[in-house]
Amino acid sequence: MFKPMDSAESELSFFEKLWQINWVVVLLLCATASIGFAMLYSAGNGSFDPWASRQMVRFGIGLSMMLVIALVDLKFWYRYAYAIYLVALLLLAAVEFAGFGAMGAQRWINLGVIQLQPAEIMKIALVLALARYFHAANPIDLGRILYLVFPLLLVTGPTVLMVRQPDLGTALMLAAAGGVVFFLAGVRLWMFGVALTVLLAAVPVAWHFLHGYQKKRILTFLDPGSDPLGAGYHILQSKIALGSGALFGKGFLQGTQSHLNFLPEKQTDFIFTMLAEEFGLAGGLGLLVLYFFLLAYGVGISLRARCQFARLLGMGVTVTFFLYLFINIGMVMGLLPVVGVPLPMISYGGTAMLAVMIGFGLLLCVGVHRDMRIGRRGLIE
């Protein structure tokens, strides 16, 4: 039988937990998702089918899951963090054998009721596992290289599997999120310097292992005009659409680049471009303001937690959410290479939507149980 070694929180009743949920975050998520529904309606040329209606159903399921996760005891997520990570890793490995692909990448598993992309689930599972591991860390341990071998393996394993799919963008995002958790846990800065030096030295070697289309994407990022009708087409059309939106946009359902099908992947990776074309700079900034408040609440909820596991979990989820929007918006503006990272709550996609909602469920759980303490040895018999 398990019990908490150190807990400053008495057991909360169901209604007390419900009251403790940060409902402002829930409203912000609903407002952001509503913008996504409107843009998918526009992407469907004024029809809820095929994208907006499905996204609404997925959001409803995700919202229910988020609230359930928020009400679950924080000790549960601590206890089963490694088990959740292992399940996500097995699903990611299963893509190698039972997965199916699209656009040259094998990233999904068909589970019948849903086509699951395990990489999205792994982003949250990794944060959970690292938060548990570093919760027990002493400041002295963080200066020992051997102590960091296990968490490095936690990051490296799924990253390698993602590179093999190939999904370089998600692999880099996962590595970045893991690195931020390392930093927040207190790992020495000189170790980051060593790691960065090794990575830079490995770039010429890694270049030879990239697929041809991946090399082309990077070269096109450096010079989009070198192949305007091929690899550079996406980003050139995206920039045209962004610029043509001007200050207040062309109006809802009036975007020419998107509705005349010049803009590719308008319902997924390039949906921010369509929003900026129809609602201009004002619309784009409005969405960024919603994202800013979500990030601010995420940081605030995390810092108020009294438990290291809760703080790292909350900050890890917040940083992962930030990486989603930073990479996507930077990509469509030509500031980053084109990679398959969706815009959270806006882009069409089932697994990405559920992963974001699960992440926010854990963040809300941190807020509900902010006074809970778990000893460094965690749960003991």
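Tabulated values for the structure
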item: Residue within segment 87-107 that is within 29 Å of residue 25 (Cβ to Cβ) and either of a type in the set (Phe, Trp, Tyr) or in a loop (DSSP other than H, G, I, E, B) (or both) present; result: no
item: Test set (1) of a type in the set (Phe, Trp, Tyr); (2) surrounded by fewer than 22 Cβ atoms within 10 Å (Cβ to Cβ); (3) under 30 Å from residue 167 (Cα atoms) - residue 309 fails condition number; result: (2)
item: Given (1) within 23 Å of residue 357 (Cα to Cα); (2) in contact (Cβ under 8 Å) with a residue 12 or more places away in the chain, number of the condition residue 151 does not satisfy; result: (1)
item: Meets criteria (of a type in the set (A, V, I, L, M, F, W, C), more than 17 Å from residue 173 (Cα to Cα) and at pLDDT below 95) for residue 333; result: yes
item: Output for segment 18-33, where each listed residue is under 19 Å from the mean Cα position of the chain (by Cα) and among the polar types (S, T, N, Q); result: 32
item: Matching option when the condition is part of a loop (DSSP other than H, G, I, E, B), out of contact with any strand residue (DSSP E or B) (no Cβ under 9 Å at 6 or more places or on another chain) and modelled with pLDDT of 85 or more, among 346, 358; result: 346
item: Filtered residue count, segment 248-264, keeping only those that are buried (at least 20 other Cβ atoms within 10 Å of the Cβ) and free of Cβ contacts under 8 Å to residues at least 60 places away in the same chain; result: 3
item: From the options 142, 152, residue that is within 28 Å of residue 307 (Cβ to Cβ), at pLDDT 80 or above and more than 25 Å from the chain's Cα centre (by Cα); result: 142
item: Hey, residue 315 modelled with pLDDT of 95 or more and either buried (at least 24 other Cβ atoms within 10 Å of the Cβ) or under 13 Å from the mean Cα position of the chain (by Cα) (or both) or not; result: yes
item: Members of segment 361-381 that are at pLDDT 80 or above and either touching an Asp or Glu at 6+ places or on another chain (Cβ under 8 Å) or closer than 18 Å to residue 107 by Cβ (or both); result: 369, 371, 372, 373, 374
item: Selection count where residues are surrounded by fewer than 13 Cβ atoms within 10 Å (Cβ to Cβ) and in contact (Cβ under 8 Å) with a residue 60 or more places away in the chain, scope segment 33-59; result: 2
item: Segment 93-124, residues that are within 11 Å of residue 165 (Cα to Cα), modelled with pLDDT under 70 and not hydrophobic (A, V, I, L, M, F, W, C); result: 99, 101, 104, 106
item: Residue 252 aromatic (Phe, Trp, Tyr) and in contact with a Gly (Cβ under 9 Å, 6 or more places away or on another chain); result: no
item: Some residue of segment 45-55 being within 19 Å of the chain's Cα centre (by Cα) and either within 30 Å of residue 279 (Cβ to Cβ) or hydroxyl-bearing (Ser, Thr, Tyr) (or both); result: yes
item: Residue match in segment 276-293 (condition: more than 18 Å from residue 66 (Cβ to Cβ), assigned to a helix (DSSP H, G or I) and hydroxyl-bearing (Ser, Thr, Tyr)); result: no
item: Selection count where residues are closer than 11 Å to residue 125 by Cβ, in contact with a strand residue (DSSP E or B) (Cβ under 9 Å, 6 or more places away or on another chain) and of a type in the set (Gly, Ala, Ser), scope segment 51-98; result: 0
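Let's see how each residue does on (1) more than 30 Å from residue 370 (Cα to Cα); (2) among the aromatic types (Phe, Trp, Tyr):
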| residue | (1), (2) |
| --- | --- |
| 221 | yes, yes |
| 236 | yes, no |
| 239 | yes, no |
| 244 | yes, no |
| 257 | yes, no |
| 285 | yes, no |
| 290 | no, no |
| 306 | no, no |
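The values are calculated or read from the model by the stated rules, or taken from the named source; none is laboratory data. Predicted, not measured: the structure shown is a model, and the values here were computed from it. Here Cβ is always computed from backbone atoms with ideal geometry, including for glycine, and neighbour counts include all displayed protein chains.
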